Amino acid sequence: MKIPRRFSRAIALSLAFVLLAALVIIAEIAQSGQKQIDGHIAQSQKRQLLLAELLERLSQAEAGQRGYLLTGDGKYLQPYQSARDRIEPTLDQFGNLVLDDQDRPLASAEQRSALRHLRVLVGAKLAEFTASLELYGTRGPEQAIDLIRTGLGSSTMNEIRSTAALLRDAERIEVTEEIARAEKLRWVSRALMSGVVLLNIVLLIVAASLLARQARRRAELTVQLANENEELERRVRRRTSELSALSSHLQQLSEKEKAALARELHDELGGLLIAVKMDVSWLQKRSPNIDDPDIRKRWTRVLKVLDDGVDFKRRIVESLRPTLLDNMGLLPAVRWITEETCSRAGLHCTESYPDVEPLLADDAAIMVFRLVQEGLMNVVKHAHASEVTVQIAVSHTDLTVVLTDNGIGIAPERCDAVGSHGLATMRHRVRSFGGNFEIEPMNPSGTRLRARLPLALILKPQQSTALSPPQLPRLEAQGRGAA
C-alpha cells in the first residue's frame with residue numbers, strides 16, 4: 001500500500017525527533033561514564049599522594065631520629081615527633097581508600113596482601129624508632145648507634161619502599177586501564193553519535209525533497225492559488241529551518257508560539273466576543289420589554305459578562321505576548337511591565353532609559369523584555385526588597401541592562417546553582433545572543449543583575465529598519481464605541 005506523502009513526511013520528521021532524542025541520551029551516557037572514570041582516576045591519584053606522603057613522613061622521622069642519636073641535640077626531636085604523629089593516620093587513610101572506596105572495584109588479593117605487609121613494616125619501623133630512643137636514654141648513645149649500624153632499620157625502610165612501589169604500580173595500572181576505558185567509551189559514543197547524525201541528515205534530506213516536490217506541484221496550479229502556495233512554501237522552509245536548529249533555539253520557538261497564540265486569541269476570540277457584544281447591544285435597544293427591571297438587570301449582566309470575557313482575553317494575550325512590544329517598541333513595553341510589577345508588589349522603582357530607542361530584532365527585543373520581566377519577578381519572589389532600579393543603556397558597541405535591588409541579596413554559590421532555574425533561563429537567553437550575564441551581591445545587601453549584549457548581533461538588518469511595527473486590530477475599541 002502506498003503511503004501518502006504527507007504521512008511519509010510526518011514519519012520522517014518523527015524519526016528525526018526520535019534520533020535527536022537518542023543523540024542526547026548517548027551524550028548523557030557518555031558524560032556519565034566519563035565522570036565515573038574521572039572519579040576513579042582522582043581517587044587513585046589521591047591514594048598515590050597519600051602513599052608518597054607516608055614515605056616522606058617516614059624519611060623525616062628517620063632523619064630526625066638519627067640526627068638526635070648522632071648529635072644529642074634535642075632540636076631534632078621536634079621534626080621527628082611531628083612526622084611520627086602523622087605516619088599512622090596517613091597509613092590508615094590510605095588503607096581506607098584502598099579497601100572502602102565505593103566508586104571502584106574491591107582491591108585485589110595482591111593489593112590487600114601488600115597493604116597488610118606495609119602495615120607490618122611500618123609498625124616495625126616505628127618500633128625501631130622507639131627502641132633506639134629508649135636505648136639512647138637508658139644505655140647511652142653508643143648502644144643506640146650500634147643498633148642503627150646493624151642495618152635493620154635500613155633494610156626495613158627499603159622493604160617499605162619496595163612494598164609502596166608495588167602499590168604505586170598497581171595504582172598506575174588502574175589509571176592506565178581507566179584511561180583506556182575512557183578512550184574506548186569516547187570512540188563508541190562518537191561512532192553512535194555519528195550514526196545518529198548521519199541518519200538525521202538523511203531524514204532531513206528526504207523531508208526537504210518531499211517539501212520541494214510538493215512546492216513544485218503547487219506552483220503548477222492556477223494563479224488564484226499562487227499566493228497561498230507561496231505562503232505555504234515560506235512556512236515549510238521556516239519549519240524546516242527550525243527543525244535543523246531545534247536544540248539551540250527552544251526559547252525562540254517558545255516565544256514565537258506564544259506570539260502566534262496571542263494573535264489567534266486576539267483576532268479570532270476577540271472578534272467573536274466583540275461581535276456578540278454588538279449583537280447583544282442591538283437586541284437590547286430593540287427589546288420590547290426594555291423597561292422591565294428584571295429584563296434590564298439580565299441585559300446588564302450579559303453585557304458585563306461579555307466585558308469580563310474581553311478583559312480576560314486581553315490579560316491572556318498580554319501574558320503571552322505584550323502588544324506594547326509590537327505596537328510601541330521595547331522601551332514602552334519595559335516601562336509598562338516595570339510599573340505594573342512594582343505597583344502590584346509595592347516596590348519603589350527608579351528607571352533610566354536611553355533618549356533614542358535602538359531598533360532591535362524581534363527575537364532580541366522579546367529577549368530583553370523577558371530578561372527585565374523575569375528579573376523583576378525574582379526580586380518580588382525572593383529578594384524581599386523595597387526598592388528596585390531598572391537601567392537600560394546603549395553605547396557604541398553594547399546594550400546594557402542592569403537591575404539592582406536592596407533586598408536580602410544572594411549567596412555567591414547560588415549564582416550558578418543547578419536548581420536556580422530562573423537565573424539559568426536568563427543566562428541562557430543572554431548567551432544565545434552572544435552576550436555576557438553577571439550577578440553581583442551588593443554591599444551591605446541587595447543584588448545587581450547585569451546583561452551586556454553586542455549591538456551587532458541584536459540590531460535589525462538594514463533592509464528591515466524601514467518597516468513599521470505590526471499594528472494589531474482595534475476591533476475592541478470599535479466594539480466599545482458601538483456598544
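Along its principal axes, the stretch 309-406 has C-alpha extents of 45, 33, 19 angstrom, given from the largest down. Across the protein chains, with a 1.4 Å probe defining accessible surface, the residues L376, L204, L283 rank L283, L204, L376 from largest area downward.
Rounded to the nearest Å, what's the spacing between the alpha carbon centres of the stretch 113-130 and the stretch 296-328? Just the number, please. Taking the Cα centre of each part, the stretch 113-130 and the stretch 296-328 sit 85 Å apart.
I want to make sure I understand the PRE zone here: with the label point 7 angstrom from the Cα of A393 toward its beta carbon, which residues in the stretch 347-361 have backbone N atoms less than 18 Å away? It comes to 350-358, nothing else.
The phi torsions of the stretch 27-41, fed into the Karplus equation with coefficients 6.51, -1.76 and 1.60 and a -60° offset, translate into couplings of 5, 5, 4, 4, 5, 5, x, 5, 5, 5, 5, 4, x, 4, 5 Hz, rounded to whole numbers, with Gly and Pro shown as x. Sorting 438-444, 162-168 by their mean Cβ neighbour count within 10 Å, with the most densely packed peptide first, gives 162-168, 438-444. Using a 1.4 Å probe on the protein chains only, how many percent of the accessible area of the stretch 22-79 belongs to carbon and sulfur? Heavy-atom surface of the stretch 22-79 belonging to carbon and sulfur, 1.4 Å probe: 57 percent. Amide H contacts of E357: none lie under 5 Å away among residues 5 or more positions distant or on a separate chain (H built 1.01 Å from N in the peptide plane; Pro and chain starts excluded). Roughly how many Å is it from the Cα centre of the stretch 344-366 to that of the stretch 427-459, as a whole number? Spelled out, the Cα-based centre of one part sits 14 Å from the other. In terms of the mean number of neighbouring beta-carbon atoms within 10 Å, the peptides 28-39, 378-389 order highest first as 378-389, 28-39. For D92 and K184, a Förster radius of 41 Å and the Cβ-Cβ distance give a FRET efficiency of 0.70, rounded to the nearest 0.05. Put simply, when 399-408, 113-122, 69-78 are sorted by average Cβ atoms within 10 angstrom per residue, most first, you get 399-408, 113-122, 69-78. Give me the distance between the Cα centres of the stretch 262-277 and the stretch 17-70, rounded to whole Å. When both Cα centres are located, 66 Å separates them. Derived scalar couplings between HN and Hα for the stretch 356-367 equal 10, 6, x, 8, 8, 5, 4, 5, 5, 5, 5, 5 Hz in order, rounded to whole Hz, by the Karplus curve 6.51 cos²θ - 1.76 cosθ + 1.60 (θ = phi - 60°), x for Gly and Pro.
The values are calculated or read from the model by the stated rules, or taken from the named source; none is laboratory data. For clarity, every value in this text was computed on a predicted model and none was experimentally measured. Glycine gets a Cβ as well: all are built from the backbone with ideal geometry, and neighbour counts include every protein chain shown. Side chains included, ligands, DNA and RNA excluded: accessible areas come from the protein's heavy atoms. Shrake-Rupley method; radii C 1.70, N 1.55, O 1.52, S 1.80 Å.
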